[in-house]
1. Considering only DSSP beta bridges whose two residues both sit in the chain, what percent are antiparallel, to the nearest 5?
2. Quick check: from the Cα gyration tensor, does the stretch 94-144 come out rounded (a/c under 1.5), prolate or oblate?
3. Under the rule a/c < 1.5 gives rounded, and otherwise a/b versus b/c splits prolate from oblate, where does the stretch 1-102 land using the Cα gyration tensor?
4. What ranking of 157, 66, 80 comes out by heavy-atom accessible area, probe 1.4 Å, highest first?
5. Rounded to the nearest 0.05, what FRET efficiency is calculated for residue 23 and residue 156 with R0 set to 25 Å and r the Cβ-Cβ distance?
6. Please give the contour-minus-distance gain from residue 117 to residue 48: 0.36 nm per residue of separation, less the Cα-Cα distance, rounded to one decimal in nm.
7. Taking only DSSP H segments of four or more residues, each worth -39500 (n - 2.57), what value at 222 nm results for the chain once the sum is divided by all its residues, to the nearest 500 deg cm²/dmol?
8. Considering only protein heavy atoms, what per residue accessible area in square angstrom results for the chain with a 1.4 angstrom probe?
Amino acid sequence: MNAKGFTHKYPDNVDTDVIIPARYLNTSDAKELARHCMEDIDTDFTKKVKAGDIMVGGFNFGCGSSREHAPLTIKTAGISCVIAKTFARIFYRNAINIGLPILECEAASNGIDAGDEVEVNFDTGVITNITKGQSYQAEPFPEFIQQIIKDGGLMASIRRQA
């Protein structure tokens with residue numbers, strides 16, 4: 001499984017209120033939530049993002065609340081993968097639960113700039129910055145977590161196995 005797209009880059013400590021501001025949580029419609037993804041930090045994000053693009057963050061990406069809306073909003077906006085130096089633990093788990101691929105790789109986060117074209121091989125954990133001709137090694141997920149992500153999240157994976 002691979003992802004390939006252009007990058008949208010953000011700093012350290014991007015919290016769930018930045019990913020999807022609480023003022024929009026009066027709906028559970030993922031498409032409506034995605035229209036407001038990242039708007040408090042990047043007002044043009046929803047105009048720029050294309051299906052398959054990749055989000056890059058710094059340390060502690062997804063900190064803040066435990067709301068599952070944050071990774072769901074990112075995924076629904078079209079992001080195929082999030083790469084960060086580190087993730088807040090609850091965001092990390094919520095991303096897997098909804099089937100959003102994420103990889104921790106400090107070198108990739110440092111080396112990738114906004115707008116770079118990047119390809120990610122989820123089986124090997126290799127992140128290739130096509131724009132700069134550089135590669136980085138992230139720890140790939142174990143096969144069972146890759147399957148959860150391929151199935152579209154934990155609940156879809158459980159239904160598939162039933």
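The values are calculated or read from the model by the stated rules, or taken from the named source; none is laboratory data. Because the structure is a prediction, the values reported are computed rather than measured. All Cβ positions, even for glycine, are placed from backbone atoms using ideal geometry, and neighbour counts span all protein chains on display. What goes into the accessible areas is simple: the full protein's heavy atoms, side chains included, and nothing from ligands, DNA or RNA. Shrake-Rupley method; radii C 1.70, N 1.55, O 1.52, S 1.80 Å.
1. Among the beta bridges of the chain, antiparallel pairing accounts for roughly 55 percent.
2. prolate
3. Rounded, since a/c falls under 1.5.
4. The most accessible residue leads, giving 66, 80, 157.
5. Calculated value: 0.25.
6. 23.4 nm
7. -8000 deg cm²/dmol
8. 47 Å²
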